[in-house]
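Down below is the structure, laid out as structure tokens.
Bear in mind that the values in this text are calculations on the coordinates, not laboratory data. Note that the structure is predicted; figures quoted are calculated from it, not measured. For neighbour counting, all protein chains shown are included, and Cβ atoms are generated from backbone atoms with ideal geometry for every residue, glycine included.
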């Protein structure tokens with residue numbers, strides 16, 4: 001299947017909204033504004049990862065080398081999509097800070 005510019009735009013919006021929502025909900029539950037922004041790189045590693053988690057214990061060197069190869073061979077479209085997810089988590093942090101300043105204590 002061919003990846004078009006329309007797919008890219010929909011994916012960017014989808015990842016932004018998805019991770020904005022996840023970060024917003026985690027912030028409401030944990031009351032830690034930037035928690036998801038710090039956790040997001042780990043989430044990206046799980047998305048990009050093609051190796052089972054247990055392989056990092058059994059063959060650590062090969063697993064991390066494979067992970068590095070997978071990260072460095074990402075397409076530009078994939079990097080843009082993953083970056084939009086990071087922007088969503090950061091936007092959720094700023095939204096929470098703004099809501100707290102305006103007096104919404106439940107956030």
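Worth a mention:
- Spacing of the modelled spin labels on residue 95 and residue 75, each 7 Å from Cα toward Cβ, amounts to 2.9 nm.
- Measure of compaction for the chain (Cα Rg per 2.2 N^0.38 Å): 1.28
- A Gaussian network model of the chain, with springs between Cα atoms under 10 Å, assigns the largest mean-square fluctuation among 14, 74, 86 to 74.
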